Amino acid sequence: MSSTTLQHLANGVSLGSLYALVAIGYTMVYGILRMINFAHGDIFMMAAYFAFFGIATFRVPWPFAFIGVILATALLGMLVERSAYRPLRDAPKNSILISAIGVSFLLENLANYLFSGKPKAFPEITFFANTVVIGGVSIQVITFFIPAVTMIILAILLYIINRTKLGMAMRAVSKDYETAMVMGIDINKVIAATFAIGSGLAAMGAIMWGIKYPQVQPMMGVMPGLKCFIAAVIGGIGNIKGAVIGGFILGLGEILLVAKLSSLTGYRDAFAFILLILILIFRPTGILGEKTTEKV
Amino acid sequence: MLRIENLTVAYGGIEALKGITLEVPEGNIVTLIGANGAGKSTTLRSIMGLVKSRSGKVMYQGEEITGMKTSEIVAKGITLVPEGRRVFPNLSVVENLMIGAYLRTDREEIQKDIQWVYDLFPRLRERSWQMAGTLSGGEQQMLAVGRALMSRPKIMMMDEPSLGLAPLVVKHIFSIIKEIRDRGVTILLIEQNANVALHIADWGYVLETGNIVLSGKGRELLENEEVKSAYLGKKKEKAK
Ligand SMILES: Nc1ncnc2c1ncn2[C@@H]1O[C@H](COP(=O)(O)OP(=O)(O)OP(=O)(O)O)[C@@H](O)[C@H]1O
Ligand SMILES: [Mg+2]
């Protein structure tokens with residue numbers, strides 16, 4: 001394998017991991033509420049700002065700043081659910097979708113108003129910027145760090161969902177609210193936990209995104225948000241492993257497209273949408289999606 | 001043990017229950033029979049706090065539980081085997097049982113109770129790791145009953161457990177219901193299959209479009225002319 005191919009693969013895997021982290025949030029929320037959380041990309045954006053302020057403005061050492069950002073973003077996700085989605089839970093599905101779009105605009109404009117539309121430079125963290133040389137190619141630490149963290153997170157998440165009481169409750173609530181309540185499950189808590197986890201993962205994605213593409217601005221969540229939603233659909237929305245697979249397909253595909261067919265570089269973003277159209281035509285349930293009739 | 005006083009429930013503007021009063025004494029099997037749409041499921045759902053009542057009270061062990069959260073009601077020892085079983089299809093058999101014990105924390109006792117449910121329904125033991133969605137209808141009903149028992153209820157409410165089951169399976173489920181009652185669990189049983197229900201019930205109520213129109217001892221209702229023609233009619237024709 002040539003050294004540039006290796007470099008491209010490393011980049012693709014690392015971008016794919018970022019997509020995967022954010023895609024999981026879409027898929028988890030869909031699994032439990034049967035709705036697309038259009039504000040998810042903007043929660044990602046807010047997390048990038050939190051990280052920027054934590055490190056650049058308040059000069060918190062980065063490991064602590066990251067933990068703080070993840071917690072704050074999880075809280076933000078819970079706040080959005082509590083105020084904009086929960087009151088509409090028994091309303092028609094369209095109302096809650098429109099509410100999500102509203103939250104998305106609200107967060108974008110809030111960021112624009114509070115932080116100004118001018119892009120801010122994400123602070124450089126020496127640890128991640130260091131490079132290591134492997135097989136003649138020098139690769140940044142962050143490029144390895146992203147997939148490694150993603151794999152660990154994924155393992156923990158699958159453990160929570162398949163082996164813990166909370167995970168069992170989440171699976172039950174995702175199928176049948178009323179019967180879950182009859183078991184004594186407080187579904188509000190379970191849904192809040194889902195938003196906290198999804199938003200926390202988006203925060204991790206945002207932090208690593210900021211390190212790799214060091215620019216923070218109010219609309220930065222829009223395109224990654226759309227792509228990660230597409231990744232979730234490709235993998236089979238509602239399925240966590242599917243979201244990860246979708247994220248990798250998208251990330252690797254995008255990087256390899258740019259690398260191997262450089263004349264198509266301008267179509268980089270279109271790639272995701274073309275893939276979406278293809279999957280919707282040939283396998284509407286996505287790669288790992290279950291065949292259900294009741295999905296809206 | 002459980003008393004419903006003048007309960008009224010409305011969906012939108014339409015009253016599904018028009019002020020019903022009924023009582024379930026401790027240790028009894030009480031049945032509520034009625035035709036489709038009479039309001040049977042609504043009665044159970046409002047006891048569980050799943051639908052809000054417009055007026056009236058639900059009293060449990062001398063305490064008013066109207067308006068409490070479902071999880072609080074479950075914690076007090078009331079459980080429901082829902083209409084149409086509603087097992088969690090994406091959970092295994094053993095997970096469905098564990099989730100029935102969601103509010104309990106006594107791990108060892110939970111394990112013992114799982115074994116007890118498996119003794120009641122050996123079919124479930126063989127299928128412990130099977131996804132509940134792939135069980136047959138009868139097995140799902142067994143699982144729904146087992147899952148309800150896992151909360152160690154003081155009173156178990158069952159919504160049409162015989163629905164869509166073969167006579168042999170119905171017989172099995174009903175023998176288990178008696179066994180559960182003999183272990184001290186009070187039962188409120190809803191049925192359209194009036195014949196089977198009235199045979200095992202200590203007391204029965206007949207619900208008609210949101211009103212209780214008749215009540216009496218199970219055996220007496222079996223002999224009642226109105227009940228015979230309205231609810232046991234089919235059975236008589238068959239016997240001919
Ligand atoms: N969620 C709801 N919204 C509106 N109306 C409802 C709802 N649930 C029940 N109803 C109405 O309330 C009435 C009583 O329904 P309920 O389900 O309690 O009947 P049931 O006696 O259990 O009937 P079945 O034997 O068919 O299960 C029916 O007329 C039904 O259409
Ligand atoms: Mg019913």
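The values are calculated or read from the model by the stated rules, or taken from the named source; none is laboratory data. What you see is a predicted model, and the numbers here were worked out from it, not measured in a lab. Virtual Cβ from ideal backbone geometry, glycine too; neighbours counted across all protein chains shown. We work out accessible area using only protein heavy atoms, side chains counted, and drop any ligands, DNA or RNA first. Shrake-Rupley method; radii C 1.70, N 1.55, O 1.52, S 1.80 Å.
How high is the FRET efficiency from B:M131 to B:A166, r the C-beta distance, R0 30 Å, rounded to 0.05? Between B:M131 and B:A166 the formula returns 0.85. The ellipsoid that matches the Cα gyration tensor of chain A has semi-axes, each √(5λ) in whole angstrom, of 30, 23, 19, with the longest given first.
In peptide B:74-80, what is the residue-averaged number of other protein chain Cβ atoms found within 10 Å of each Cβ? Write down the numbers at each step before the final one.
Working: counts 5, 1, 0, 0, 1, 3, 5.
Neighbouring Cβ atoms belonging to other protein chains average 2 per residue here.
Give the calculated FRET efficiency between B:K217 and B:E26 to the nearest 0.05, with a Förster radius of 25 Å applied to their Cβ-Cβ distance. After rounding, the FRET efficiency stands at 0.90.
Extension gain for B:Q192-B:S175 works out to 4.4 nm (0.36 nm per residue, less the C-alpha to C-alpha distance).
Take the Cα of A:N130, go 7 Å toward its beta carbon, and the backbone nitrogen atoms of region A:54-74 under 17 Å from that spot belong to A:62-63. Each residue of region A:254-271 is assigned a 3J(HN,Hα), and the resulting list reads 4, 5, 5, 4, 5, 6, 8, 10, 4, 5, 9, 3, x, 9, 3, 6, 5, 3 Hz, derived from the Karplus form 6.51 cos²θ - 1.76 cosθ + 1.60 (θ = phi - 60°), x at Gly and Pro.
The string of couplings for region B:119-131 from the Karplus curve (6.51, -1.76, 1.60, θ = phi - 60°) is 5, 5, 10, x, 4, 6, 4, 4, 10, 2, 9, 6, 5 Hz, one whole number per residue in order, with x for Gly and Pro. Taken residue by residue and averaged, Cβ atoms of other chains lying within 10 Å of the Cβ of B:154-162 number 0.
Each residue of region B:14-22 is assigned a 3J(HN,Hα), and the resulting list reads 8, 7, 8, 10, 10, x, 9, 10, 8 Hz, derived from the Karplus form 6.51 cos²θ - 1.76 cosθ + 1.60 (θ = phi - 60°), x at Gly and Pro. Would you give the gap between the C-alpha center of region A:1-43 and the C-alpha center of region B:126-203, rounded to a whole Å? Answer, in whole Å: 46. Pair-distance distribution of region A:99-209: all C-alpha pairs, bin width 10 Å, starting at 0; shares per bin in whole percent are 11, 26, 26, 23, 11, 2, 0.
Taking trypsin sites (Lys or Arg not before Pro) in DSSP loop states with no more than 14 other Cβ atoms inside 10 Å as exposed sites, chain A has its longest site-free stretch at A:60-290. The fraction of all Cα pairs in chain B landing in successive 5 Å bins from 0 to the largest distance is 1, 7, 14, 18, 19, 17, 12, 8, 3, 1, 0, given as whole percents. Only Cα pairs under 8 Å and 6+ residues apart enter the sum, and on that basis the relative contact order of region A:3-282 stands at 40 percent. Using a cutoff of 8 angstrom between alpha carbon atoms and counting only pairs six or more residues apart, the relative contact order for region B:84-152 works out to 55 percent. Comparing Cα centroids, region A:69-126 and region A:232-283 end up 25 angstrom apart.
Between A:G210, A:G236, A:G117, the GNM of chain A built on Cα springs shorter than 10 angstrom shows A:G117 fluctuating the most. Sorting B:K217, B:K228, B:K178 by solvent-accessible area of protein heavy atoms yields B:K217, B:K178, B:K228, largest first, with a 1.4 Å probe. Here the protein assembly as shown is treated with +1 on each Lys and Arg Cβ and -1 on each Asp and Glu Cβ, and its dipole about the Cα centre works out to around 580 debye.
Quick one: net charge of B:G34's neighbours, Cβ under 11 Å, K/R +1, D/E -1?
Values: positive: B:K40; negative: B:E160, B:E191, B:E208.
Neighbour charge sum, excluding B:G34 itself: -2.
As a test of reading the structure, rank B:M98, B:M157 by solvent-accessible area (1.4 Å probe, protein chains only), most first. Mind showing how you got there, number by number?
On the way: B:M98 70, B:M157 0 Å².
The ordering from most to least exposed comes out as B:M98, B:M157.
Look at the alpha carbon pairs under 8 Å that are at least 6 residues apart: their mean separation over the length of region B:98-240 gives a relative contact order of 17 percent. Its residues counted as N, region A:167-279 yields a C-alpha radius of gyration over 2.2 N^0.38 Å of 1.33. Evaluating kT/(6 pi eta Rh) at 20 °C and 1.002 mPa s, with the Kirkwood radius of region B:84-152 over Cα pairs in the Stokes-Einstein relation, gives 186 µm² s⁻¹. Other residues lying with their Cβ under 11 Å from the Cβ of B:V169 contribute a combined charge of +1, Lys and Arg counting +1, Asp and Glu -1.
What dipole magnitude, in Debye to the nearest 20, does chain A give about its Cα centre under +1 on Lys/Arg Cβ and -1 on Asp/Glu Cβ?
Values: 21 positive and 12 negative charges, 43 e Å.
For chain A, the charge dipole is close to 200 debye.
Dipole of the protein assembly as shown computed with +1 at Lys/Arg Cβ and -1 at Asp/Glu Cβ about the Cα centre; of A:M151, B:P122, B:T42, farthest Cα towards the positive end is A:M151.
Between A:R86 and B:D106, the modelled labels are 3.2 nm apart [label points 7 Å from Cα along Cα→Cβ].
Rounded to the nearest 500, what is the 222 nm mean residue ellipticity of chain A from helices alone, with -39500 (n - 2.57) per DSSP H run of 4+ residues and division by all residues? Kindly include the intermediate steps, with their values, before the conclusion.
Values: 12 runs with 206 residues, N = 296.
The per-residue figure over chain A is -23500 deg cm²/dmol.
Taking a sphere under 12 Å around the Cβ of B:V185 and counting the other residues whose Cβ falls inside, with K and R at +1 and D and E at -1, yields a net charge of +2.
With the alpha-carbon atoms as the only input, what is the per residue convex hull volume for the protein assembly as shown in Å³?
Details: hull volume 99.6 nm³, N = 536.
Once divided by residue count, the hull of the protein assembly as shown is 186 Å³.
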